[in-house]
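Asker: My structure is below; once you've seen it, I'll send some questions.
The values are calculated or read from the model by the stated rules, or taken from the named source; none is laboratory data. This one's a predicted model, so the numbers in the text were calculated from it and none came from an experiment. Positions of Cβ are generated from backbone atoms using ideal geometry, with glycine treated the same way; all protein chains shown enter the neighbour counts.
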């Protein structure tokens with residue numbers, strides 16, 4: 001989990017107990033996005049302030065890739081494509097753009113896709129759905145869907161009940177999506193954008209800037225920026241109380257699951 005207030009990454013067990021890493025994740029700068037590379041085991045951080053992507057091993061030691069990760073604007077979100085090893089980074093430039101998604105290989109070399117990722121509007125979150133191979137991007141008032149080449153896909157559903165979405169997570173077992181909204185709610189959708197009504201209501205959210213789904217226990221973890229907490233839920237939106245308390249959090253921005 002990245003913490004923008006202190007410029008740190010903290011690691012926890014599923015039960016909320018902190019793990020002390022040997023490295024200290026150096027050279028972070030407003031790390032708004034984090035992604036785990038399941039192929040080589042690296043963690044990639046999108047640093048908005050100094051417009052960089054930094055790479056680390058799981059102990060927090062920085063890795064210098066062969067490519068430069070030349071980021072055109074402020075990177076906000078990052079997603080790893082487990083089918084080809086590519087990284088997709090959402091970028092903004094101030095409040096009004098330009099907005100883009102840039103694509104890189106694992107070494108930091110930029111890839112030019114055939115499509116242009118059209119109709120972005122302040123894209124903060126991005127997730128790769130391994131069920132259908134699509135990318136989902138949270139915009140100011142919408143979710144846009146793309147294939148791996150940057151061509152927009154028009155889903156059968158419309159992603160209703162969105163309110164300034166800021167984070168997104170995918171359940172890899174069925175492709176369901178969990179979207180963190182600016183009005184302190186989580187809305188759930190199938191991979192086609194149809195709203196799924198949950199029995200629980202995902203309580204105790206506060207600016208859910210990060211969301212990650214754990215395929216091992218089928219739980220959703222949410223980082224709450226404004227109240228300095230990590231909250232845990234089952235698939236139905238019922239809160240789970242872990243044995244640990246996720247200590248030493250201050251302004252949590254984003255999080256990822258490392259299997």
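Asker: Pull up the stretch 83-105, narrow it to residues that are assigned to a loop (DSSP other than H, G, I, E, B) and in contact with a strand residue (DSSP E or B) (Cβ under 7 Å, 6 or more places away or on another chain), then point me to the one that is surrounded by the most Cβ atoms within 10 Å (Cβ to Cβ).
Answerer: Taking the stretch 83-105 as the starting set, the residues that turn out to be assigned to a loop (DSSP other than H, G, I, E, B) are 83-86, 93-99, 105.
Now narrow it down to the ones that are in contact with a strand residue (DSSP E or B) (Cβ under 7 Å, 6 or more places away or on another chain): 86, 93, 99, 105.
Details: 86: 17, 93: 13, 99: 20, 105: 15.
Among those residues, the one meeting the criterion is 99.
Asker: Taking the condition assigned to a loop (DSSP other than H, G, I, E, B) and either touching a helix residue (DSSP H, G or I) at 6+ places or on another chain (Cβ under 7 Å) or surrounded by 15 or more Cβ atoms within 10 Å (Cβ to Cβ) (or both), does residue 118 pass? Can you show your working first?
Answerer: Details: assigned to a loop (DSSP other than H, G, I, E, B): yes; either touching a helix residue (DSSP H, G or I) at 6+ places or on another chain (Cβ under 7 Å) or surrounded by 15 or more Cβ atoms within 10 Å (Cβ to Cβ) (or both): no.
For residue 118, the condition - assigned to a loop (DSSP other than H, G, I, E, B) and either touching a helix residue (DSSP H, G or I) at 6+ places or on another chain (Cβ under 7 Å) or surrounded by 15 or more Cβ atoms within 10 Å (Cβ to Cβ) (or both) - is not met.
Asker: Within the stretch 9-30, does at least one residue satisfy the condition of being within 15 Å of the chain's Cα centre (by Cα) and at pLDDT below 95? Can you show your working first?
Answerer: In the first step, residues of the stretch 9-30 are kept if they are within 15 Å of the chain's Cα centre (by Cα); the result is 9, 30.
Filter again for at pLDDT below 95, leaving 9, 30.
Scanning the stretch 9-30 turns up at least one residue that is within 15 Å of the chain's Cα centre (by Cα) and at pLDDT below 95.
Asker: What are the residues in the stretch 32-50 that are over 12 Å from residue 258 (Cα atoms), touching a strand residue (DSSP E or B) at 6+ places or on another chain (Cβ under 6 Å) and not in a strand (DSSP E or B), if any?
Answerer: The one that is over 12 Å from residue 258 (Cα atoms), touching a strand residue (DSSP E or B) at 6+ places or on another chain (Cβ under 6 Å) and not in a strand (DSSP E or B): 48.
Asker: In the stretch 95-114, is there at least one residue being within 15 Å of the chain's Cα centre (by Cα) and at pLDDT below 95?
Answerer: The answer is no; no qualifying residue exists.
Asker: How many residues, within the stretch 187-223, are closer than 21 Å to residue 249 by Cα and not in a loop (DSSP other than H, G, I, E, B)?
Answerer: We begin by selecting, within the stretch 187-223, every residue closer than 21 Å to residue 249 by Cα; these are 202-214, 219-223.
Pick out the ones that are also not in a loop (DSSP other than H, G, I, E, B) and you get 208-214, 219-223.
Number of matching residues: 12.
Asker: Considering only residues that are farther than 19 Å from residue 186 by Cα and surrounded by fewer than 17 Cβ atoms within 10 Å (Cβ to Cβ), look in the stretch 232-250 and name the one that is farthest from the chain's Cα centre (by Cα).
Answerer: Going through the qualifying residues, I end up with 243.
Asker: May I ask you to verify whether residue 135 is over 17 Å from residue 68 (Cβ atoms), in contact (Cβ under 8 Å) with a residue 24 or more places away in the chain, within 17 Å of the chain's Cα centre (by Cα) and part of a loop (DSSP other than H, G, I, E, B)?
Answerer: On the way: over 17 Å from residue 68 (Cβ atoms): yes; in contact (Cβ under 8 Å) with a residue 24 or more places away in the chain: yes; within 17 Å of the chain's Cα centre (by Cα): yes; part of a loop (DSSP other than H, G, I, E, B): no.
Answer is no for this residue.
Each row is one residue, and each column tells you yes or no for (1) loosely packed, with under 15 Cβ neighbours inside 10 Å; (2) farther than 15 Å from residue 109 by Cβ.
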site: 27; (1), (2): yes, yes
site: 30; (1), (2): no, yes
site: 33; (1), (2): no, yes
site: 40; (1), (2): yes, no
site: 43; (1), (2): no, yes
site: 49; (1), (2): yes, yes
site: 55; (1), (2): no, no
site: 64; (1), (2): yes, no
site: 72; (1), (2): yes, no
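Asker: So, in the stretch 1-31, exactly how many residues are under 16 Å from residue 254 (Cβ atoms) and in a loop (DSSP other than H, G, I, E, B)? Step through it out loud before you land on a result.
Answerer: Step one: of the stretch 1-31, the residues under 16 Å from residue 254 (Cβ atoms) are 1-12, 25, 28-31.
Next cut, in a loop (DSSP other than H, G, I, E, B) only: 1, 4-7, 10, 25, 28-30.
The qualifying residues number 10.
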